[in-house]
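Values in this text are rule-based calculations from the coordinates and carry no lab data. None of these values were measured; they are calculated from a predicted model. For neighbour counting, all protein chains shown are included, and Cβ atoms are generated from backbone atoms with ideal geometry for every residue, glycine included.
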Amino acid sequence: METPISVITVEREYGSRGGEFAHELAATLGWRLLDAELVTGAAKAAGVDPEMARQFDERLDPWYYRYGKVFWQESVYPMTGLSEAQVFDSERMLSLMRQQIVQAASEGHCVLVGRGSACALGQQPGCFHVFVYATARAKRRWFAQTFPKQAEQADQLLAAFDKRRAAVIRQFYQQDWCARGLYHLLLNSEMGMQAMIAATRGAAGLQDC
């Protein structure tokens with residue numbers, strides 16, 4: 001007997017309105033939503049300011065920092081007085097968020113937004129993984145409405161944001177962020193929020209939830 005779905009992860013292209021979809025889906029199902037909550041939870045666990053943690057959200061540390069960190073870890077002269085748990089960087093935050101993701105999934109009835117949740121829960125029964133995308137035209141329109149002063153740079157900024165997300169997943173999970181094999185359902189957000197919710201509930205067997 002298959003395990004009933006009690007966890008949905010939503011990965012999304014920047015500008016696809018996938019975050020909005022996740023919020024509406026959680027509200028419709030009456031499930032807990034974890035989006036920015038994952039960032040603030042990591043900040044609380046690490047004992048750092050949430051604003052500081054937000055600067056690391058879905059970003060890698062600079063290459064020179066990563067190189068230096070490897071050197072410090074392998075050197076006979078490690079960083080004096082600092083344990084790994086006391087260093088807060090992108091890797092540490094991703095590790096703390098993964099712990100939250102796994103814990104939330106064990107409790108069930110939640111919608112998780114991005115941050116590698118589909119990778120972290122890839123082999124866990126009862127999880128359903130969604131990837132939301134949109135046409136270039138739709139993303140360009142969303143960007144122009146949201147950031148009118150930067151509208152002329154829409155294409156390059158949209159691409160840059162997705163490139164960063166992909167790099168984070170590749171570095172931390174050794175997975176291709178947009179690989180179709182990671183997801184059960186791919187949704188084009190131009191179909192509309194209600195159609196997306198209906199499609200997800202139908203595919204996940206949650207019509208009566």
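Sorting 137-149, 31-43 by average packing, meaning the other beta carbons within 10 Å per residue, from highest down gives 31-43, 137-149. The 3J(HN,Hα) values that the Karplus relation (6.51, -1.76, 1.60; θ = phi - 60°) gives for segment 187-197 are, in residue order, 10, 8, 5, 5, 6, x, 4, 5, 5, 5, 5 Hz. Gly and Pro appear as x.
Under a 5 Å amide H cut-off, with hydrogens placed 1.01 Å from N, F128 pairs with V7, I8, T9 among residues at least 5 apart or on other chains. Under 5 Å between amide hydrogens, built in the peptide plane, is the criterion, and for L33 it picks out V111 among residues at least 5 positions away or on other chains. 3J(HN,Hα) couplings calculated from phi for segment 122-136 with the Karplus curve 6.51 cos²θ - 1.76 cosθ + 1.60 (θ = phi - 60°) are, in sequence order, x, 9, 8, x, x, 10, 10, 10, 10, 10, 9, 10, 8, 5, 4 Hz; Gly and Pro show x.
Here the Karplus relation 6.51 cos²θ - 1.76 cosθ + 1.60, evaluated at θ = phi - 60°, turns the backbone of segment 90-95 into coupling constants of 4, 4, 5, 5, 4, 5 Hz, with x for every Gly and Pro. With both labels modelled 7 Å from their Cα along Cα-to-Cβ, the C178 to F147 distance reads 1.7 nm. First select every other residue whose beta carbon is under 13 angstrom from the beta carbon of L185; then total the charges, Lys and Arg +1, Asp and Glu -1. Neighbourhood net charge equals +2. Note on Q124 and D155: the extension gain reaches 7.6 nm, defined as 0.36 nm multiplied by sequence separation minus the Cα-Cα distance.
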